[in-house]
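Undergrad: Quick one: structure below, then a few questions.
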Amino acid sequence: MICVGRNVLAVDDESWLGTLSAINALSTVYGGNTGYTGYDVRIGLYEGGVCDTDHTNLSGVSIYVRSNSTGALHISNHATAVASIIGIMAPEAEYYASRLTETGVEWFLDMECDVVNCSFSYQPFPGNETDGYVRVSAPYYRLDIDGIYDYQISVHGITVIKSAGNYNNDPYSNGYNPLNEVKNPGLAYNVITVGGVKEPSLFDWGWKHHEYASYVNTTPYVKPEISAPFTVDIPNIGVKPGISFSTALVTGCVALLMEHDIYYAGSPARVKSALMALAQMPSDYVADCGHFDDRVGAGVIDLGGMLGYSPDRYIYVDPGATGGTYVCTDTMYLQAGETLEMALAWDVYKNSDAGNVPFYLTNYELFLYDPSGQTAAVSNLSSNVELIRFTPQTTGYYTYKVYQPTAMSPYNYTGDILYLTYHKE
């Protein structure tokens, strides 16, 4: 038995410990006095139902259940499994649980949550939803779903983590997804969308994309941005496959990151930048979407790396900045054979006066130049994330630049805040 915060759990299951090891979270979660517990972080749990607050895994965990979410019919085994993963990783966080009753995270904003876990897709539920607006998912960006999340995240600075979705060819299932498409609001620019990886086989040297984990395979739209194990053996529950549980692992990591550095709370773009820059490369990684793999994004989440030394830079771009200019530049010393991971992220902001174009995405690109001034690497996606993964052949001082190819929208009165995180190993 290992005591974790206020939880006492049997953790002799090597599979559970192996999952934490895969995301470099084992020593942090079970680190005794040196470990993190999620203290002073508020976590939202948004599900088709609510978790069983009396479950062994959630004993002693502080969970507030939304008043319109109570009732035996709304207690969900799925929600309990998701909450268990996060609750074991961050037992001293405060939790706010709601079943899915509307589009958006307004209630969680009222509860002052720092991060919200969304392990669902919008599906029609049996019966009448008289107290909300549950809508059906679509394989494209929807202003009435993804747009609402983008607006709430950009205005309020809440971090939302969403499951990409699972392959499902059963037409009678609410989770029917025969084309393995990312589910709304996982297509929202400001949402952190999670993919899935599976354990290596005898013939692989590392984790690889799970074939049942959804992704967007249309360059240059990056979704997911980050991945985690697809199948999780949860203490006192058992083996659970699905992106829902990958997402819970990422949410648990983000909660501990926010406890480590409070400035991540309220800065979803900074969280996204750190996740991507410190990601581990899976064995089947292919840079087929900029420097991203379109199936797993930047790679597998690495909690220990994020909690370690990871230089980041805050960049403010004046709303009057014209296009065709470099808004940031600096140098770094790289040794031949040393791997550099550098991630840039910023929010899409709402244009309240832009009529039928309610969101404007200012484009930024990331360049790396070698010691002779030649272009070494470029990331120029039409998205709000950029990633460079580069191994130099020459030792020396390299220059990175953030480029703004076009002018900002005249409706962007406040300018843009960019977060640049880099990691060398």
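Undergrad: Amide H neighbours of residue 62 under 5 Å, counting only residues 5+ apart in sequence or on other chains, H built in-plane at 1.01 Å?
TA: So residue 62 has HN proximity to 95.
Undergrad: Can you find, among 169, 51, 26, the residue farthest towards the positive end of the dipole of the chain? Put +1 on the C-beta of Lys and Arg, -1 on that of Asp and Glu.
TA: Of the options given, the answer is 169.
Undergrad: Where the centroid of each part is defined by its Cα atoms, how far is segment 44-68 from segment 249-273 in Å?
TA: Using only Cα atoms, the two centres lie 21 Å from each other.
Undergrad: Given H placed 1.01 Å from N in the peptide plane, which residues other than close sequence neighbours of residue 360 have an amide H under 5 Å from its amide H?
TA: Those lying under 5 Å, H to H, from residue 360 are 349, 351.
Undergrad: For segment 312-424, what does the alpha-carbon gyration tensor say about shape, rounded, prolate or oblate, given a ≥ b ≥ c as the root eigenvalues, a/c under 1.5 as rounded, and a/b over b/c as prolate?
TA: Prolate is the answer for segment 312-424, as a/c is 1.5 or above and a/b outweighs b/c.
Undergrad: Could you point to the residue in 205, 239, 381 farthest towards the positive end of the chain's charge dipole, with +1 and -1 charges on the Cβ of Lys/Arg and Asp/Glu respectively?
TA: The residue sitting farthest along the positive end of the dipole is 381.
Undergrad: Where the only charges are on Cβ atoms (+1 Lys, Arg; -1 Asp, Glu), what is the dipole of the chain about its Cα centre, to the nearest 20 debye?
TA: The calculated dipole for the chain is roughly 280 debye.
Undergrad: While we're on this one: Only Lys, Arg, Asp and Glu count, each charged at its Cβ (+1, +1, -1, -1), so figure out the dipole size of segment 312-424 about its Cα centre, rounded to 20 debye.
TA: It comes to approximately 80 debye.
Undergrad: Give the shape of segment 2-307 as rounded, prolate or oblate, defined through the alpha-carbon gyration tensor: a ≥ b ≥ c are the square roots of its eigenvalues, a/c under 1.5 means rounded, and otherwise the shape is prolate if a/b is larger than b/c and oblate if not.
TA: Rounded shape, in that the Cα axes give a/c under 1.5.
Undergrad: Using the per-residue mean of other Cβ atoms lying within 10 Å as a proxy for protection, in what order, highest first, do the peptides 294-304, 46-56, 371-381 fall?
TA: Packing order, densest peptide first, comes out as 294-304, 46-56, 371-381.
Undergrad: Let me ask you something else. Let me know the shape class of segment 237-288, please: from the alpha-carbon gyration tensor, a ≥ b ≥ c as square roots of the eigenvalues, rounded when a/c is under 1.5, otherwise prolate if a/b is greater than b/c, or oblate.
TA: oblate
Undergrad: By count of other Cβ within 10 Å, fewest leading, how are 227, 283 ordered?
TA: Lowest to highest Cβ neighbour count: 283, 227.
Undergrad: Relative contact order of the chain, please, whole-number percent, based on alpha carbon pairs below 8 angstrom and at least 6 residues apart.
TA: Value for the chain: 15 percent.
Read-outs: derived from the displayed coordinates by stated rules, not from any lab. Note that the structure is a prediction, hence the values are computed from the model and not measured. Heads up, the Cβs are rebuilt from the backbone with ideal geometry, glycines too, and the neighbour counts pull from every protein chain shown.
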